[in-house]
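First up is the structure itself, then whatever we jot down about it.
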Amino acid sequence: MHDSFACALVLAGGKGTRMHSEKPKVLKTLLGESMLYYVYNALRPSIGDEIFTIVGFGSEYVEDSFPQMKEKFVLQKEQLGTGHALQQGWERIKASGLEYCLVINGDTPLIGAKSVSDFLEAVKEDGADLSFVTITPKDPCQFGRVIRNKAGQVTAIVEAKDYDESVHGPVSGEVNAGIYCLKISAVEELLSKLTNENKSGEYYITDLVDLAVECGMNVTAVDCGDSIDLMGINNPYELANAESTLRMRIAEKWLRSGVIIHNWESAVIGPRVKIRPGVEITGPCELYGETSIASGVVIKSHVVISDSSIAENAEIKAYSHLEEANVGPKCAVGPYGRLRPGAVLEEGAKIGNFVEMKKAVLGKGAKASHLTYLGDSEIGAGTNIGAGTITCNYDGKNKFKTIIGENAFIGSNTALIAPVTIGNGALIAAGSTITKDVNDGDLAVARSKQVNISRTSQKS
């Protein structure tokens with residue numbers, strides 16, 4: 001679809017009371033990404049950048065989550081219904097200069113780009129003034145009921161709470177999915193005719209259908225059967241079901257592309273994660289954000305990785321956590337390793353049990369195998385960090401850096417008080433507290449002399 005055909009209006013102003021949250025419903029996450037993220041991704045291939053968003057309850061949270069979209073947010077100060085939301089965004093819609101406007105709820109994370117494209121193609125082919133998507137779910141819940149005449153033409157949409165079988169006839173099971181495409185020039189005259197004469201006292205977009213039919217406009221409905229992809233999410237149960245569906249789809253995609261996933265039912269992989277064929281993953285594990293994993297990598301169970309890069313043939317062992325880290329080729333992390341933002345492991349480096357790194361570089365072939373904290377540090381190639389080593393980088397106000405040269409040996413239970421530099425090939429005796437620089441090749445011993453005192457009672 002050419003991006004000049006239609007703009008889009010995303011309705012994201014509601015609170016979502018059944019989510020029991022202080023933040024807008026559309027920011028609830030599936031696989032680490034918000035519902036609104038998925039809707040934007042589905043729209044962009046067809047719509048491009050002409051995406052407007054109605055925000056209302058908790059608008060500041062939405063703006064913080066999508067700062068790049070802020071210029072196209074429209075504030076709905078009072079949440080008076082979907083029709084009112086459309087009225088609030090109408091000036092921005094007209095100013096786009098486009099022929100159609102796609103209106104979609106921000107709580108439909110399973111919708112795909114193809115569904116959007118197919119719907120717009122159908123609208124363009126029919127030349128509809130107003131078109132919307134319908135579904136026939138097993139449980140119609142609170143979706144608006146679709147009414148057709150004997151010829152099968154749509155005549156109205158009636159909200160579930162306002163539906164009366166004695167007036168509207170038996171329920172057909174066909175309901176409104178809440179996705180519309182409006183010809184801007186045709187629908188404008190209908191907006192002022194919307195009323196709030198219903199049980200909720202709100203203005204409904206659905207009333208546009210009845211008004212358009214009365215005016216003799218071309219109104220069409222695209223029936224998508226029982227597709228769950230088009231259903232909105234209103235409570236934690238529905239959110240969990242949608243997340244499970246999405247998780248399985250993503251895992252299946254990677255399995256079919258050459259990635260081995262053991263216990264795949266418990267592997268959580270976010271939509272932005274990139275994995276090369278030849279990777280081997282064991283669930284349960286969680287991979288989120290802009291994580292990239294190169295060929296030959298092995299990821300064991302109970303690992304959590306976000307926004308990190310893992311190079312060829314590295315191994316991430318069980319129970320390790322990585323966040324904004326960079327792991328080089330043939331490196332090993334864990335088990336129980338923790339890499340915090342700014343941690344870098346160069347080729348063949350290793351961190352082991354209960355080792356934590358933050359804003360630190362571990363050089364080629366260097367290793368820290370046990371019980372160590374490396375913060376604000378540069379460690380040279382081939383250096384060995386003994387168990388219990390701590391870089392003391394924080395004095396309560398400021399952070400300072402520790403630099404350790406190549407092929408140095410840091411003995412167990414050493415405290416390095418930054419700022420400090422340890423030279424190439426230097427040896428730090430176990431149990432030392434180092435406060436001064438150590439030259440290349442030197443031995444540094446900084447511990448008190450051992451004194452043995454007899455505990456045997458003196459003779460009287």
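If I ask for residues that are in a loop (DSSP other than H, G, I, E, B) and closer than 19 Å to ALA381 by Cα, which ones from the stretch 314-333 would you list?
ALA314, ALA325, GLY328, PRO329, LYS330, CYS331
Residues in the stretch 437-457 that are assigned to a loop (DSSP other than H, G, I, E, B) and surrounded by 10 or more Cβ atoms within 10 Å (Cβ to Cβ): ASP437, ASN439, ASP440, GLY441, ASP442, VAL445, ALA446, ARG447.
Scanning the stretch 64-78 turns up at least one residue that is under 20 Å from LEU191 (Cβ atoms) and out of contact with any helix residue (DSSP H, G or I) (no Cβ under 8 Å at 6 or more places or on another chain). Considering (1) at pLDDT below 95; (2) open to solvent by 60 Å² or more (accessible area, probe 1.4 Å); (3) of a type in the set (S, T, N, Q); (4) within 19 Å of the chain's Cα centre (by Cα), the lone condition that THR29 does not fulfil carries the number (1). Taking each residue of the stretch 19-31 that is in contact (Cβ under 8 Å) with a residue 60 or more places away in the chain and on the phi > 0 side of the Ramachandran plot and looking for partners that are assigned to a loop (DSSP other than H, G, I, E, B) and not small (Gly, Ala, Ser) with beta-carbon atoms closer than 8 Å, six or more apart or interchain, yields LEU31/PRO271.
When the criteria are applied in full, SER369 meets the requirement of being among the polar types (S, T, N, Q) and not in a loop (DSSP other than H, G, I, E, B). The residue of the stretch 97-132 that is nearest to ALA240 (Cα to Cα), among those that are part of a strand (DSSP E or B) and either open to solvent by less than 10 Å² (accessible area, probe 1.4 Å) or of a type in the set (Lys, Arg) (or both), is ILE104. Set side by side, the residues VAL55, VAL39, VAL10 differ, and just one is buried (at least 23 other Cβ atoms within 10 Å of the Cβ), hydrophobic (A, V, I, L, M, F, W, C), within 20 Å of the chain's Cα centre (by Cα) and within 30 Å of CYS285 (Cα to Cα), which is VAL39.
Among the residues of the stretch 139-153, those that are under 29 Å from the mean Cα position of the chain (by Cα) and surrounded by fewer than 14 Cβ atoms within 10 Å (Cβ to Cβ) comprise ASP139, CYS141, GLN142. Looking only at residues in the stretch 179-199 that are open to solvent by 10 Å² or more (accessible area, probe 1.4 Å) and part of a strand (DSSP E or B), which one is nearest to PRO109 (Cα to Cα)? Among those that are open to solvent by 10 Å² or more (accessible area, probe 1.4 Å) and part of a strand (DSSP E or B), it is TYR180. Determine, yes or no, whether ASP210 is within 30 Å of PRO284 (Cα to Cα), touching a residue at least 24 places away in the same chain (Cβ under 8 Å), of a type in the set (D, E, K, R) and buried (at least 16 other Cβ atoms within 10 Å of the Cβ). Criteria not met by ASP210. Of all the criteria given as (1) farther than 29 Å from SER34 by Cβ; (2) open to solvent by 40 Å² or more (accessible area, probe 1.4 Å), the one not satisfied by GLY296 is (2). Does VAL62 meet the test of being outside any helix (DSSP H, G or I) and under 26 Å from the mean Cα position of the chain (by Cα)? Judged against the criteria, VAL62 is not a match.
Of the candidates ILE316, ILE351, the single residue that is buried (at least 20 other Cβ atoms within 10 Å of the Cβ), closer than 21 Å to ALA408 by Cα and either free of Cβ contacts under 8 Å to residues at least 24 places away in the same chain or more than 27 Å from the chain's Cα centre (by Cα) (or both) is ILE351. For the stretch 374-423, a residue qualifies if it is of a type in the set (Ser, Thr, Tyr), buried (at least 17 other Cβ atoms within 10 Å of the Cβ) and within 38 Å of the chain's Cα centre (by Cα), and the qualifying residues are SER377, THR383, THR389, THR391, THR402.
Scanning the stretch 259-285 for residues that are part of a loop (DSSP other than H, G, I, E, B), open to solvent by less than 40 Å² (accessible area, probe 1.4 Å) and either without any contact (Cβ under 8 Å) to a residue 40 or more places away in the chain or in contact with a His (Cβ under 8 Å, 6 or more places away or on another chain) (or both) turns up VAL259, VAL273, VAL279, GLY283.
The single condition among (1) touching a helix residue (DSSP H, G or I) at 6+ places or on another chain (Cβ under 7 Å); (2) modelled with pLDDT of 90 or more; (3) surrounded by fewer than 18 Cβ atoms within 10 Å (Cβ to Cβ) that TYR203 does not satisfy is (3).
The condition (being in contact with a strand residue (DSSP E or B) (Cβ under 9 Å, 6 or more places away or on another chain), open to solvent by 40 Å² or more (accessible area, probe 1.4 Å), at pLDDT 80 or above and not in a helix (DSSP H, G or I)) is satisfied by just one residue among GLU91, GLU78: GLU78.
The values are calculated or read from the model by the stated rules, or taken from the named source; none is laboratory data. Since we're looking at a predicted model, the values are computed, not measured. Cβ sites come from the backbone with ideal geometry, for glycine too, and all protein chains shown count toward neighbours. These area figures cover heavy atoms from the full protein model, side chains too; ligands, DNA and RNA do not enter into them. Shrake-Rupley method; radii C 1.70, N 1.55, O 1.52, S 1.80 Å.
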